[in-house]
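The values are calculated or read from the model by the stated rules, or taken from the named source; none is laboratory data. These numbers were taken from a predicted model, which means no experiment stands behind them. Heads up, the Cβs are rebuilt from the backbone with ideal geometry, glycines too, and the neighbour counts pull from every protein chain shown.
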Amino acid sequence: MGTQCLKAKCSLLFLCFLQLLFTIVRQVFDFLGQVWTSILFNFFSILITIVGCFGGFESRNCYLYVYCFWQILSFLWNLFVVCFYLEIGSLFDRDKDENVLNLGTGSRSWFESNGPLCEPIFNESHPVSSHQTFIRPIHVKGCVLYYFVIESIQATIQIVLSIFAFISSFFLIYYNSHESTVGTDHRRRMPPTTALPAYSISQSMRQSMRRSNNELENESLPSFYDINQYNVKSSSRNSLKSSKNSNRNLSSHLYINTQML
């Protein structure tokens with residue numbers, strides 16, 4: 001389970017890196033074409049992708065929930081962009097409903113005039129107003145990929161990355177929640193331990209030091225029984241010496257008395 005989590009975490013970080021890379025590239029071209037709706041969405045996508053990187057690296061489920069929810073929104077938004085540019089099901093007309101993406105500024109995709117091998121043809125006789133910042137060409141010819149195909153490819157890449165990122169983040173959320181429940185169950189099964197006071201450690205150390213000192217003193221000094229035996233022996237020796245001395249004195253007195261007689 002741990003190796004699978006590590007693989008999912010590494011894959012999520014790699015997907016976040018790819019999302020950041022493709023989103024920043026897309027943001028640059030959207031700024032050039034002044035597609036403001038896509039610019040705002042890309043800005044929030046960059047921020048939440050960074051949040052997802054942090055949540056995946058630190059195993060924060062709250063950040064991963066936000067990242068998962070944003071992947072759903074990103075999937076729906078990019079699916080709408082694909083349907084808009086390719087006119088799938090005749091739901092949208094990219095020429096008439098262009099205000100959905102440019103917020104009424106009249107701007108278009110940058111790839112419409114600057115696509116690979118594209119040759120735009122402008123109407124030079126048409127007057128340009130002062131507030132108009134984007135001049136739309138009358139016709140574009142010679143393109144290898146037209147702008148709506150390039151925009152659809154970018155949106156499709158974001159759709160694929162959103163699907164894989166959602167799966168990886170969901171697996172990480174499941175693993176983190178499983179680990180937290182296992183940890184709480186293990187703590188509940190453990191017997192309760194009484195917390196020792198702060199002074200108990202120092203007090204126990206002092207008691208052990210006292211015991212060791214007493215043992216050393218007992219080993220260096222003789223016991224009370226040995227001291228009593230030593231005292232008894234010394235007193236008996238002293239009594240013997242005193243008795244010998246008294247006998248010598250008596251014998252000397254007797255000898256003197258005999259000599260006098």
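Odds and ends about this structure:
- Just one of the numbered conditions (1) in contact with a helix residue (DSSP H, G or I) (Cβ under 6 Å, 6 or more places away or on another chain); (2) surrounded by fewer than 17 Cβ atoms within 10 Å (Cβ to Cβ) is not true of residue 32: (1).
- Boolean, residue 113 is modelled with pLDDT of 80 or more, buried (at least 16 other Cβ atoms within 10 Å of the Cβ) and out of contact with any helix residue (DSSP H, G or I) (no Cβ under 6 Å at 6 or more places or on another chain): yes
- In the set 21, 15, only one residue is surrounded by 21 or more Cβ atoms within 10 Å (Cβ to Cβ), modelled with pLDDT of 90 or more and assigned to a helix (DSSP H, G or I); that residue is 15.
- Among residues of region 35-69, those that are more than 30 Å from residue 100 (Cβ to Cβ) and assigned to a helix (DSSP H, G or I), counted: 10
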